[in-house]
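This report refers to the structure that appears directly beneath it.
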Amino acid sequence: MRRPLAAALLAAAALAHPRAAAAQAALPTPAAFLGFEPGDDRKLPQWKQVVDYFQALDKASPRVTVRTLGKTTLGRPFLAAFFADSATLANLPRYEEIQRKLADPRLLSGDAERRQLIADGKVVVLVTSSIHSTEVGGFLSPLRLAERLAGGEDEEAQAIRKNAIVIMVPSLNPDGMDIVTDWYKSSLGTPWEGSGPPTLYHHYTGHDNNRDWYAFTQVETQMVVDSLYGKWHPQVANDIHQQGGGGSRIFIPPYMDPIEPNIDPVLMAGVAQMGKAMTWRMLADGFTGIANNTSYDAWTPARAYQHYHGAIRILTETASAQLATPVRIPFDSLRGGYNVDAKVANVDFLAPWGGGAWGIGDIVKYQTAASWALLAQAADDRAQWLQSFARVQANAVAGKRAPGRASWPSTIVIPAQPARDTAVNAVVRILQRGQVELRRATAAFTANRKSYPAGSLLIHTAQPYGAFAKALLEPQQYPNLREYPGGPPKRPYDVTAHTLPLLYGLDVAFVQDSVTAASTPLAPQAQTRWVARGLSDSKARRVGIFRNASASMDEGWTRWLLDQHRIPYTMATARDLRAGNLASRFDVILLPEQAARQIARGPAGAYPDSLKGGVGEEGAAALKQFVEAGGTLVALNDASEYAIEALQLPVKNVLAELRPTQFYAPGSIFRVELDRAHPLAAGYTAPQQMVWFEASPAFEITDPSRASVVARYPAQGDPLLSGWLLGAEKIAGRAAMVDVAMGKGHVVLFGFRPQYRAQSMATYPLLWNALRPIPSGGMRVTKAVETR
């Protein structure tokens, strides 16, 4: 009965407002710009088509406002679209001001003003999509959502526009969208149809672009943080992703353990409430295969900026096909994950999917249904979301007086340390971009019975984003979680450590009592120019970076870092290495992290002949000849195992055969001891000698006459500084970095990533030393003036 009645009311409304009805009837459709319906098999759009559609919506409807936030890494326009009723969009500055005040309770005159702002405000929902460009449903679902948000006249669409401001970023990675679409179109009808492109789908970071939400290295991250989070303070964030195709059809939170301890529990309760509401709605609408509490955690701020800035983050992960090519998945082949078996119903997986055909249309249906359920719930419970947001922010400014925070430090001190000014500058800029307030002491002071000079920086944790600062500046103690009692370690979704003072190389102090030293607010800091002595702005060293057709994210991060330091380099493919005569082109060749098998053999699976084949025996022989003639080969992390095998080096990886029950360290920070007399250790100025360890090798030298240890793990004591480590005794006294002499040249083996996600500034000097000419053994090490 309700549907005929609603139709009659809509018809009456159209008669009462004929011009509005006509305008809405004339709204453009996605198909008009794409040439196909979003979700059609084997069809993907270009970014320009998406831009054109959103701009056309903006022109056609008063319910849409599209803004260009800037340019992407490769120069494409980066969009954000605002959806609400026309009255709201006409008065956006007023709602932005409401959000600003609710985000910082110190701006309020009292409870009466807070209640009035909640009564007047809108729930702000940020919808982001397609950061990972092979997750192609994210190209299309925003189009379907935008069409309904702008043109839907049903009761629910009207309620969303009335009670919410929906900010949609239709792609967090437009460059990658075109990379994947172009590759997919070229692959249609070939044996490699539906394969991933043989290049990174973000110019620098590939899949790691959603690990950038605290380091803020990439321009796309910066635009979203500066223009959207920093100004609009959303209460709800909907992050649309895809997962592997062989298990559940969609993941919706709650997240699995662990939860990072600085996240306000009110937010995690909100995550659970929203996720279960979405699950309930989708099940009632006939969707199956919905998983909760599996695979994905809420540990690292690298992926969950929102959880430290007052918003819940609802990550959805929909099962993939072969890009836009459909697949058939037998029920018996479905696999499970932590807490979930995709063939068996349980409390976290209430209705299994029956298997069968699965394609891009199914992906779009699941993504749009989940996102619409989120929008409807947020709008329906508008006042509660604003009230919850206000409570989280009130807890933040209460500091130690907030529930569960009595043990928090009142103040975090970054001492003045001129020898590490570049590292301090980098960390301060991260904190300031994350809206953390810092103050500079104008006079010397004492805290924790220690004296600090004027110029030291103070961070009071009783501020809106004090938890963000605390999470980034303190060591992490990841819980010792097992799949079952006595069983193997429960794999975290990503890494377990994110301690900036260790990664960047600077001192901090945590003070329980509030520091009341004379101070002034710290103005936004300009970036200190990054310099690598003898390498920046110099062509004295001919540096080559290996690029495999099986793309390596570590290669992208390496390029980003060298570009930022203005160090010239040339890319060297497997074909280049196989061609030999490398000394005529390079002085040093760098192998970014990649499995030895991939380096040697190239990409696996069906690919064009032009991309097949790795370095092979010819390339290995050419590399050996290059080193013996005086060149330097630098191998990072797993690539060290390739160098050991291919060049028959007198080194072995002592961790190679160990199982996770014997040794496990999924992204942690370890203490090392450097040989300060070795040329490769020059310029390391960080107060704590450390390396980033993530599925890394540890070395034993089998012929000390040919190789020397640059860095080793301590023989006694626990090397763990931050994160999680099982089996510390397996690396006790083992080498983390080795220099092997070969003929007139050197092979430098890094058992870690010295440029990890462009965050481990403390170990940059070790990389720069490896790129410079390496003096012969026994030479006196001269003092190196280095960017710190």
Selection count where residues are closer than 24 Å to Ala467 by Cβ and assigned to a loop (DSSP other than H, G, I, E, B), scope segment 187-218:
7
Check off (1) touching a residue at least 60 places away in the same chain (Cβ under 8 Å); (2) outside any loop (DSSP other than H, G, I, E, B); (3) surrounded by fewer than 16 Cβ atoms within 10 Å (Cβ to Cβ) for Glu729 and give me the number that stays unchecked.
(1)
When segment 358-396 is checked residue by residue, the ones that are assigned to a helix (DSSP H, G or I), more than 13 Å from Val124 (Cα to Cα) and either aromatic (Phe, Trp, Tyr) or not assigned by TED's automatic domain parsing to the domain that holds Asp120 (or both) are Tyr366, Trp372
Filter segment 473-506 for residues that are closer than 15 Å to Val413 by Cβ and not in a loop (DSSP other than H, G, I, E, B) and give the result.
Leu473, Leu500, Pro501
If we keep only residues of segment 584-609 that are small (Gly, Ala, Ser), under 27 Å from Arg772 (Cα atoms) and within 29 Å of the chain's Cα centre (by Cα), then the residue surrounded by the most Cβ atoms within 10 Å (Cβ to Cβ) is Ala596
Selection status of Gln116, in a helix (DSSP H, G or I), farther than 23 Å from Tyr465 by Cα and in the same structural domain as Met223 (by TED's automatic domain parsing):
yes
Lone qualifier among Ala454, Ala406 - being touching a helix residue (DSSP H, G or I) at 6+ places or on another chain (Cβ under 7 Å), part of a loop (DSSP other than H, G, I, E, B) and hydrophobic (A, V, I, L, M, F, W, C):
Ala406
Failed condition for Ala112, given (1) in contact with a Leu (Cβ under 8 Å, 6 or more places away or on another chain); (2) free of Cβ contacts under 8 Å to residues at least 12 places away in the same chain; (3) among the hydrophobic types (A, V, I, L, M, F, W, C), with all others met?
(1)
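This table checks each residue for (1) outside the structural domain of Gly310 (by TED's automatic domain parsing); (2) under 21 Å from the mean Cα position of the chain (by Cα); (3) without any contact (Cβ under 8 Å) to a residue 40 or more places away in the chain.
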{"residue": "Pro415", "(1), (2), (3)": "yes, no, no"}
{"residue": "Pro418", "(1), (2), (3)": "yes, no, yes"}
{"residue": "Ala426", "(1), (2), (3)": "yes, yes, no"}
{"residue": "Leu431", "(1), (2), (3)": "yes, yes, no"}
{"residue": "Glu437", "(1), (2), (3)": "yes, no, no"}
{"residue": "Arg440", "(1), (2), (3)": "yes, no, no"}
{"residue": "Thr446", "(1), (2), (3)": "yes, no, yes"}
Among the residues of segment 732-745, which ones are within 28 Å of His498 (Cβ to Cβ) and either modelled with pLDDT under 95 or buried (at least 17 other Cβ atoms within 10 Å of the Cβ) (or both)?
Arg734, Ala735, Ala736, Met737, Val738
Result of the Cβ filter at 6 Å on segment 525-544, keeping first residues that are hydrophobic (A, V, I, L, M, F, W, C) and partners that are assigned to a loop (DSSP other than H, G, I, E, B) and surrounded by 15 or more Cβ atoms within 10 Å (Cβ to Cβ), at least 6 apart or interchain, is Trp530/His565; Trp530/Thr787; Val531/Thr787; Ala532/His565; Leu535/Ile567; Val543/Tyr569
Unique residue being of a type in the set (Gly, Ala, Ser), in contact with a strand residue (DSSP E or B) (Cβ under 8 Å, 6 or more places away or on another chain) and either closer than 26 Å to Ser186 by Cβ or not in a helix (DSSP H, G or I) (or both) when the list is Gly39, Gly75, Gly70:
Gly70
Taking the stated definitions as given, is Ala656 buried (at least 23 other Cβ atoms within 10 Å of the Cβ) and either out of contact with any Asp or Glu (no Cβ under 6 Å at 6 or more places or on another chain) or in a loop (DSSP other than H, G, I, E, B) (or both)?
no
Long-range neighbours under 6 Å by Cβ, at least six apart or interchain, first residue more than 30 Å from Arg491 (Cβ to Cβ) within segment 680-705, second buried (at least 20 other Cβ atoms within 10 Å of the Cβ) and not aliphatic (A, V, I, L, M)
Leu680/Asp739; Leu680/Asn769; Ala682/Asn769; Gly683/Pro765; Tyr684/Pro765; Thr685/Arg788
Given the options Arg429, Arg529, name the one that is surrounded by fewer than 18 Cβ atoms within 10 Å (Cβ to Cβ), in a loop (DSSP other than H, G, I, E, B) and among the basic types (Lys, Arg).
Arg529
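The values are calculated or read from the model by the stated rules, or taken from the named source; none is laboratory data. Please read all numbers here as calculations on a predicted model, not as lab measurements. Here the Cβ is made from the backbone with ideal geometry for all residues, glycine too, and neighbour counts use every protein chain on show.
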